[in-house]
């Protein structure tokens, strides 16, 4: 779900942008009343204000400092000066909190000295540049700068990032290299995502990592001419998304790891649990490329079996909630959702809709089961992250060409069952485990939580 604004306001002729930020901070229950270490905000400004600064009207910001007739934006370790502002007109502003995993652990409070440096830089047209992320390893060899962009706050996708960085640290220690990581998450906002990618390019990163299909597609479009290597992760259908020519030979500056979903296997599990299921619901976002092929395959499977199905779609949290309620009203016996990021973003708010109606929801990732779905089926996302890191090292250290480095695919036979939801929909876990075991390489259980880290705690 998109974050609700902490505050909205205008920048009047006196220049009160910092005041609006202060208002937002002081009015929020989630952040303290003063700027503090580790705090990040997202600020949405009218597009006219910064159109010439190439910020697209959306910016991720720590603080704002007025500087004469120009706006000074402290952004990702750099100073970007906007065009001259007509102070006779107001600029509309919205302030949003960033999600926890997006927080970069550095002090964002602007001391008097820091503010003076920033002001001087803006007024003289200068820039300040510094890496936004830490080096994950200190070695005697070459330093490689990597920009990682994760699409949304998703437990499985977050696992990928965490394991990429952990594995790169191991590789750095093994091979004497240093990997400097700049990690960002636009929370599904396309404008912010494109700006993050532009920032990676401006920083001249050695390689970009795109987690999930929308990020990979945006990175490919931005880097194809520059030939900057791109490694994607969690792209369900890289050929269908036209990221690569083939799995074996990508043919471009991009390769990576796929979380391809065996849809027929998921359908088999539905009927293993309930052989009499007569109507299956599909819940997905028509705009998600990761859902296109699995939904088509599910239709083919059910058509061949002579089982009815109904489709409900949503592109945001409100529509997803309405779609879930509609499927309950449709009287479906089970629901299927592929590795769909839009549905995943909203899942903690809707899982009880199906559980209370005793409708099992079969999904394409274990993060869904973590957040309350009956079943998540697919790859091991922690392993996906580690293998993504190995491919990064193949390209940067060993000099392999992404165009000829085959996309890695994985066994996706792991079934993750939420035991709480299993009981809620009327199934016995031991019976389900026995029914699923012959159809899977692994059956495992989980309980409902927001993140895998919460379970570990």
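Report the label-to-label distance for residue 226 and residue 307 in nanometres (one decimal), using points 7 Å from each Cα along the Cα→Cβ vector.
The two pseudo-label positions are separated by 4.7 nm.
Suppose the chain between residue 403 and residue 247 were pulled fully straight at 0.36 nm per residue; how much longer would it get relative to their current alpha carbon spacing?
That pair, residue 403 and residue 247, stretches by 55.1 nm at full extension.
Sort 219-231, 298-310 for me by packing, meaning the mean count of neighbouring Cβ atoms within 10 Å per residue, highest on top.
219-231, 298-310
At residue 322 and residue 431, where each label point lies 7 Å from the Cα along Cα→Cβ, what is the point-to-point distance in nanometres?
3.7 nm
Taking neighbour Cβ counts within 10 Å as the exposure measure, how do 440, 149 sort from fewest upward?
440, 149
Can you put 363, 421 in order of Cβ neighbours within 10 angstrom, beginning with the fewest? Don't skip to the end; give the middle numbers.
On the way: 363 28, 421 24.
Listing 363, 421 from fewest to most nearby Cβ atoms yields 421, 363.
With a 10 Å Cβ neighbour count serving as the proxy for reagent exposure, in which order, fewest first, do 258, 233 appear?
Values: 258 24, 233 30.
The fewest-first ordering by Cβ neighbours comes to 258, 233.
Under the 0.36 nm per residue contour assumption, what length would be gained going from the current alpha-carbon distance of residue 166 and residue 447 to full extension?
Fully extending the segment from residue 166 to residue 447 adds 98.6 nm.
Whole angstrom only: what separates the Cα centroid of region 319-388 from the Cα centroid of region 292-312?
Measuring centre to centre over Cα atoms gives 17 Å.
Bear in mind these aren't lab numbers, they're just calculated from the coordinates by the rules spelled out. What you are looking at is a predicted structure, and each value in this text was computed from that prediction instead of being measured. No Cβ is skipped: glycine too gets one built from the backbone with ideal geometry, and neighbour counts run over all protein chains shown.
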